[in-house]
Every structure is written in structure tokens, then in C-alpha cells.
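One structure below.
All of the numbers you see were taken from the coordinates with simple rules; none came from a lab. Every value quoted in this text rests on a predicted model; they were computed, and no experiment measured them. Cβ: placed from backbone, ideal geometry, glycine included. Neighbour counts: every protein chain shown.
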Amino acid sequence: MTFETTVRPRYRDLDTMGHVNNAVYATYVEQARIDFFREEVGRKLEESRAVLASLSIEFERPVDSLDDVTVSLDVTDVGSSSVTFAYDLRAGGERVATAESVQVALDDDGRPTPLDDGLREAFERHRAE
């Protein structure tokens, strides 16, 4: 099941060329994760004890306005201690970027630890086929 959220760009997101700065896309996918955890997992992202292990973004075209950006999130892989999310970012009805991130659950000592049952169940419910 795909999760979707809307991000409203702020004037400060624009760079000197009038485009949303490339670094801001990472904030948009982060907001999608925050919304996903709150709305679909039922807890705050910081309560998951999962940290960002990797993030890659492929840019397709610039966002050159302050129109809303729609971010779709799919769970593509659930490991023993990690989850992989895929993102599709659209503005004005057109794809502007795709991204992928991996979150890893950590224990109190900062070492990878198995995902708790609640997280695993929520991720599996939203896993893309």
C-alpha cells in the first residue's frame, strides 16, 4: 500500500536560480517518513529507534515554484533490523525526483537490533508487491 503526503515548499527552500534547492529534497522525504510513522505506524519517528543509514535521490527536473510537492512512500524491503523505503516526488503532476532510504533500528549501545513486532507488522502491511 502506497502512503502519500503533501509538502508545501517554503520561500526559503528556493535557491538563487529560483528552484527548490537539491538538499531540500532530503527534507521532503524526511517529512514523508515522519508523516508515515505518525499516521500509519502509530508512533513518532523518533520513538522507532531507527536511524537513517542511507539516502539516495535521483533528480528528474527542478521544482521551480512554491506549488505543493506530493511525496509517495512505499516499503520495499523489511530486513531483520532495517526497512527500505522508496519515494516518488511530484510537483505540478510531474515526477521531479525519486529516492530511496534505509532505516536501521539501534539498541541502547548504538548497534543494530531486530525491529520490534509493532514496527515489523506496520511495515509488512505497507510493503509494495
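Hey, fewest Cβ within 10 Å first, where do Thr113, Thr6, Thr16, Thr70 land in order?
Listing Thr113, Thr6, Thr16, Thr70 from fewest to most nearby Cβ atoms yields Thr16, Thr6, Thr113, Thr70.
For a paramagnetic label modelled at 7 Å from the Cα of Leu66 toward its Cβ, which residues of region 1-34 fall within the zone defined by backbone nitrogen distances under 17 Å?
It comes to 7-21, nothing else.
Using θ = phi - 60° and the Karplus curve 6.51 cos²θ - 1.76 cosθ + 1.60, what whole-Hz ³J(HN,Hα) does each residue of region 48-59 get, with Gly and Pro shown as x?
7, 6, 9, 10, 6, 9, 7, 8, 10, 10, 10, 8
Based on the Cβ-Cβ distance from Lys44 to Tyr11, what FRET efficiency comes out when R0 is 30 Å, to the nearest 0.05?
The pair Lys44/Tyr11 has a calculated efficiency of 0.60.
What ranking of Arg12, Arg33, Arg90, Arg61 emerges when the number of other C-beta atoms within 10 Å of each C-beta is taken as an exposure proxy, fewest first?
Arg12, Arg61, Arg90, Arg33
Give me the net charge for the shell around Leu55: Cβ to Cβ below 11 angstrom, other residues only, Lys and Arg +1, Asp and Glu -1.
Summing Lys and Arg as +1 and Asp and Glu as -1 gives -1.
Add -39500 (n - 2.57) for each DSSP H run of 4 or more in the chain, then divide by its residues: what number comes out at 222 nm, to the nearest 500 deg cm²/dmol?
-5000 deg cm²/dmol, from helical runs alone.
If you keep only loop residues by DSSP, which GluC sites (Glu not before Pro) in region 12-61 have at most 13 other Cβ atoms within 10 Å of their Cβ?
The qualifying sites are Glu60.
With volume of the Cα convex hull per residue in Å³ as the read-out, I listed (1) 136; (2) 106; (3) 158; which label goes with the value calculated from this structure?
Computed from these coordinates, volume of the Cα convex hull per residue in Å³ corresponds to label (2).
Is region 34-108 best put as rounded, prolate or oblate by its Cα gyration tensor, with a ≥ b ≥ c the root eigenvalues, rounded for a/c under 1.5, and otherwise prolate when a/b is larger than b/c, oblate when not?
Note, shape of region 34-108 comes out prolate.
Mind sorting His126, His19 by how few other Cβ atoms lie within 10 Å of their own Cβ, fewest first?
In increasing order of surrounding Cβ atoms, one gets His19, His126.
Using only Cα atoms, find the angle between the long axis of helix 24-36 and the longest principal axis of the chain, and express it within 0 to 90 degrees, rounded to the nearest 10.
40
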